[in-house]
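Single-structure report; data block below.
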Amino acid sequence: MQTALSDQENILKNLLKTGRNTEFGKESRFQEVNNFEEFKQAVPIRDYEQLKPWIERIKQGKHNILWRGLPEYFAKTSGTTSGTKYIPITKDSIPNHINTARNALLCYMAETGNAGFADGKMIFLSGSPVLERISGIPTGRLSGIVNHHVPKYLRTNQLPSYETNCIEDWETKLNKIVDETIHKNMTLISGIPPWMQMYFDELIKRSGKSVGELFPNFSVMVQGGVNFEPYKAKLFESIGRKVDSIELFPASEGFFAFQDSQQAEGMLLNTNSGIFFEFVPAAEIFNENPTRLSLKDVKTGENYALIISSNAGLWSYNIGDTVKFISTNPYRLVVTGRT
């Protein structure tokens, strides 16, 4: 929290240092770029379509294109605008996805003193961990990829089983998940809100009880991926009592923010995890030359398009989400929509 601005400066320096030896860095003349002002001149904002020519070269098995070597994975996302997107995940960027989820839980434990949920069963509703290969690079949904990196100390308590997670058809999978969890001591449930709602509906239908009655020790709900507000009332109604909830802001392109406090509104920006952030006033995002701000110049209450450069090899990439800061000390934000 206290070193957010210096961390961001260091991340940009380190990204440029590695980026200089890539095809992208050579074409963008990174050897002449030393600070944010020069970086903005050298690298225009791009969306997936504009980055696609480089991604295609990686998909052909070419090395050192956007980042050193080859990515460890491609996260496959069904984009609303570009059809299927292939987002690189590198050896350097994997910790961003894994450690941020862990940090969110550790912040929660430290603040509330509730660590008991770690002794019960935890469910991570995710995509299939079965990965296909493109030029030897394992490819699949981010939640399926992350499944391969769940720390050992959580593995023993993790549900559903690997076999169940591999089921592609959602209806079939949901039924199996309910079979496996309905009689267990569930303490933490995480996933995107519409998935959790379907899971809760099925539990209630089968047991005739509220989710809170069925799982008396269920105390933490972890959610993200879509706006929580439209689902919130119904989810809590299905549970039938108060449980703590932790909001996350993950995407295939990176894990951007997480709720670090049950007391404060919004999510803490992930300023020290391999991602350099830029913010463009949302009204300007489609302009020829939009205003591009680094973290030190953001203001509360303004709507910004979120732009990232990262150790996954994304450079001034428009992820398509808009955010608004509700605090700049520390930097906490809420997701406000799509560009």
Reported set for the range 185-198 where residues are within 23 Å of A104 (Cα to Cα) and either at pLDDT 95 or above or of a type in the set (A, V, I, L, M, F, W, C) (or both) is N185, M186, T187, L188, I189, I192, W195, M196, Q197
Residues in the range 252-300 that are free of Cβ contacts under 8 Å to residues at least 24 places away in the same chain and among the charged types (D, E, K, R): how many? 3
Taking E288, is it surrounded by fewer than 19 Cβ atoms within 10 Å (Cβ to Cβ) and among the acidic types (D, E)? yes
Quick check: anything in the range 43-64 modelled with pLDDT of 95 or more, touching a Leu at 6+ places or on another chain (Cβ under 7 Å), open to solvent by less than 70 Å² (accessible area, probe 1.4 Å) and not in a helix (DSSP H, G or I)? no
Leading residue by the ranking (modelled with the highest pLDDT) among those in the range 215-240 that are under 25 Å from V334 (Cα atoms) and in a loop (DSSP other than H, G, I, E, B): S219
I need the full set of residues from the range 202-214 which are closer than 11 Å to E237 by Cβ and either part of a helix (DSSP H, G or I) or β-branched (V, I, T) (or both), in order please. I204, V211, G212
Would you mind stating whether R102 is touching a Gly at 6+ places or on another chain (Cβ under 6 Å) and either open to solvent by 10 Å² or more (accessible area, probe 1.4 Å) or more than 29 Å from K59 (Cβ to Cβ) (or both)? no
Residue count, the range 135-157, condition surrounded by fewer than 17 Cβ atoms within 10 Å (Cβ to Cβ), modelled with pLDDT of 90 or more and either under 24 Å from Q197 (Cα atoms) or of a type in the set (V, I, T) (or both), comes to 0
Are any of the residues in the range 9-18 in contact with a Ser or Thr (Cβ under 6 Å, 6 or more places away or on another chain), under 30 Å from G225 (Cβ atoms) and either of a type outside the set (D, E) or in a strand (DSSP E or B) (or both)? yes
Evaluation of I319 against (1) open to solvent by 50 Å² or more (accessible area, probe 1.4 Å); (2) within 30 Å of H63 (Cβ to Cβ) (one fails), failing number: (1)
Residues of the range 296-339 being over 19 Å from V43 (Cβ atoms), touching a Ser or Thr at 6+ places or on another chain (Cβ under 9 Å) and among the polar types (S, T, N, Q), in sequence order, are T300, N303, T322, S327, T328, T336
Which numbered condition A283 misses (of (1) more than 29 Å from T90 (Cβ to Cβ); (2) in a loop (DSSP other than H, G, I, E, B)): (2)
For the range 229-251, does any single residue satisfy the condition of being among the aromatic types (F, W, Y), open to solvent by less than 10 Å² (accessible area, probe 1.4 Å) and free of Cβ contacts under 8 Å to residues at least 60 places away in the same chain? no
Any idea how many residues of the range 5-26 are under 13 Å from N270 (Cα atoms), crowded, with 20+ Cβ neighbours inside 10 Å and of a type in the set (A, V, I, L, M)? 1
So which residues in the range 162-187 are more than 20 Å from A101 (Cβ to Cβ), among the hydroxyl-bearing types (S, T, Y) and surrounded by fewer than 17 Cβ atoms within 10 Å (Cβ to Cβ)? T172
Taking the range 252-264 and keeping only residues that are in a loop (DSSP other than H, G, I, E, B) and either open to solvent by less than 10 Å² (accessible area, probe 1.4 Å) or within 26 Å of T187 (Cβ to Cβ) (or both), one is left with Q259, D260, S261, Q262, Q263, A264
Extreme residue, farthest from C107 (Cα to Cα), among residues of the range 265-280 that are open to solvent by less than 30 Å² (accessible area, probe 1.4 Å) and in a loop (DSSP other than H, G, I, E, B): G274
Quick one: would you say L306 is modelled with pLDDT of 95 or more, assigned to a strand (DSSP E or B) and open to solvent by 20 Å² or more (accessible area, probe 1.4 Å)? no
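The values are calculated or read from the model by the stated rules, or taken from the named source; none is laboratory data. This is a predicted model, so every value here is computed, not measured. Positions of Cβ are backbone-derived with ideal geometry, glycine not excepted, and every protein chain shown enters the neighbour counts. Please note that ligands, DNA and RNA were not included when accessible areas were found on the heavy atoms of the full protein model with its side chains. Shrake-Rupley method; radii C 1.70, N 1.55, O 1.52, S 1.80 Å.
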